[in-house]
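Beneath this line is the structure, given in structure tokens, with notes to follow.
The values are calculated or read from the model by the stated rules, or taken from the named source; none is laboratory data. In this text the structure is predicted, and so the values were computed from the model without any measurement. Cβ coordinates were reconstructed from backbone atoms using ideal geometry, including for glycine residues, and neighbour counts include every protein chain displayed. Just so you know, the surface numbers come from the protein's heavy atoms only, side chains and all, with ligands and any DNA or RNA stripped out. Shrake-Rupley method; radii C 1.70, N 1.55, O 1.52, S 1.80 Å.
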Amino acid sequence: MKKIAILGSTGSIGTQTLEVVENQGDIEVTALAAGSNIRLLEEQIRKFRPKIACVFEEEKAKELKRSVRDLPVRVVSGMEGLIEAAVEETSEIVVTAVVGMIGIRPTIAAMEAGKDIALANKETLVTAGHIIMPLAKKMGVRILPVDSEHSAIFQCLNGENKGSVHKILLTASGGPFRGKTREELKNVKVEDALNHPNWAMGRKITIDSSTMVNKGLEVMEAKWLFDVQMDQVQVVIQPKSIIHSMVEFEDGAVMAQMGTPDMKLPIQYALYYPERRYLKGDRLDFWSIGQINFEKPDLVNFPGLKLAYEAGCAGGTLPTVFNAANEKAVAKFLNREITYLTITDMIEGAMNGHTVKENPTVEEILEAEAAAYEYIESRW
Ligand code: NDP
Ligand code: MG
């Protein structure tokens, strides 16, 4: 039996990972971690019988502990608990499906303990890629991408020489507001932004997809995962999300990976790589698809992508500031404290006010995060 731990098991990626586990029937779940949703976590514990369960909020952890007294599970909490779940002795793969920079420390701890990482938590790679990628090499562990675009690229690169990649073509649906101007986006409501045309995802990433910040984070994620320069990653709008991404090689050949928009495919591919297993669900029907269209991204009305290129090119602590400002801004937007367009204004403001530090340590990354939060709190 393959043994895996899932950090963020109650979220969109976490629950779909457990669906894959259930469908395949030959994976053992060793540890589960969530933020506060103990109702769902308890259900998962009863069904999948992990050895460790972490609830980030201490009070909730105490509550969960009482309700699973009858089971042989160790309930832990806080960052210490999250790390304990990440390094659970017997697991081979850790699925990082928490949302945000909270994933940095547990991901590093898991790698140091020799675990392969099935990485959904892109914020960790964006902010600490310069630590994560060399560590993977040093420890001889694999970073298996779960993000659909990066899984697509990973699949296109199967059997190819790394040196023969000319360009990565990262596809984007353009989100629910593709084609709109900033003027038209002024009064966007939380509900409108949460309505993604193709993918059902967690709230934060759904907002990020609507602002194109998600694509910006993905450009930086691709840079680290595939060891390319920022200008080798080109974003291509493909509204139906049929092509999940492409790679152009030195000889001009372009490989694409296509599929229906179902995250279970990249999750399953990461868990079983290089094996492919049967996956139940809709299949592409090219007779009914008819056409696939392509467009250039609109960097004027969607400045989030432009800012991400700036952050990624500058490197150091700037991607952290980009990401942290976005995390804070999105939380405020979801909380109805700020308008939609303020999200990217906040990112731009935080980036402008920041002095970049090269090659930051984890502590310096977390300091840059705190500084970005402070900047936003003091200005808005
Ligand atoms: P969700 O918001 O649906 O889920 C987040 C998960 O993280 C939940 O289980 C949540 O627990 C948990 N969590 C939050 N805070 C903490 C904490 N402090 N300690 C431990 N666990 C915590 O997010 P998604 O599943 O959508 O996204 C997860 C990651 O995957 C993100 O980085 C996202 O960018 C990436 N991703 C997601 C895709 C998708 O289709 N959803 C596609 C590609 C990438 P609780 O439920 O208790 O709050
Ligand atoms: Mg993606």
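Scan the stretch 190-230 for residues that are more than 16 Å from ligand 2 (Cβ to nearest atom) and in contact (Cβ under 8 Å) with a residue 12 or more places away in the chain and jot them down.
V190, D192, A193, L194, N195, D227, V228, M230
Which numbered condition in (1) in a helix (DSSP H, G or I); (2) within 15 Å of ligand 1 (Cβ to nearest atom) is the only one that L144 fails?
Among (1) in a helix (DSSP H, G or I); (2) within 15 Å of ligand 1 (Cβ to nearest atom), L144 violates only (1).
Out of curiosity, is V247 among the β-branched types (V, I, T), in contact (Cβ under 8 Å) with a residue 40 or more places away in the chain and part of a loop (DSSP other than H, G, I, E, B)?
Spelling it out, it is not the case that V247 is among the β-branched types (V, I, T), in contact (Cβ under 8 Å) with a residue 40 or more places away in the chain and part of a loop (DSSP other than H, G, I, E, B).
With the condition kept exactly as written, say whether any residue in the stretch 270-293 is within 20 Å of W224 (Cα to Cα) and either modelled with pLDDT of 95 or more or in contact with a Pro (Cβ under 6 Å, 6 or more places away or on another chain) (or both).
yes
Could you pull out the residue among E348, E337 that is open to solvent by 10 Å² or more (accessible area, probe 1.4 Å), of a type in the set (D, E, K, R) and not in a helix (DSSP H, G or I)?
One residue alone meets the criteria, E337.
Pairs under 6 Å by beta carbon, first residue under 25 Å from S245 (Cα atoms) in the stretch 133-149, partner away from ligand 2 (no atom under 15 Å from the Cβ) and assigned to a helix (DSSP H, G or I), six or more apart or different chains?
Sorted first by the residue in the stretch 133-149, then by its partner, the pairs are V141/M111; I143/A136.
Which of the residues spanning the stretch 117-142 are among the charged types (D, E, K, R) and open to solvent by less than 30 Å² (accessible area, probe 1.4 Å)?
Answer for the stretch 117-142, where residues must be among the charged types (D, E, K, R) and open to solvent by less than 30 Å² (accessible area, probe 1.4 Å): K122, E123.
Looking only at residues in the stretch 186-207 that are of a type in the set (V, I, T) and under 19 Å from the mean Cα position of the chain (by Cα), which one is nearest to ligand 1 (Cβ to nearest atom)?
The extreme case among them is I205.
Would you pick out the residues in the stretch 21-57 that are under 18 Å from N121 (Cα atoms) and of a type in the set (A, V, I, L, M, F, W, C)?
A31, L32, A33, A34, C54, V55, F56 - these are the residues of the stretch 21-57 that are under 18 Å from N121 (Cα atoms) and of a type in the set (A, V, I, L, M, F, W, C).
So which of A331, A308 ends up being part of a helix (DSSP H, G or I) and open to solvent by less than 30 Å² (accessible area, probe 1.4 Å)?
Answer to the check: A308.
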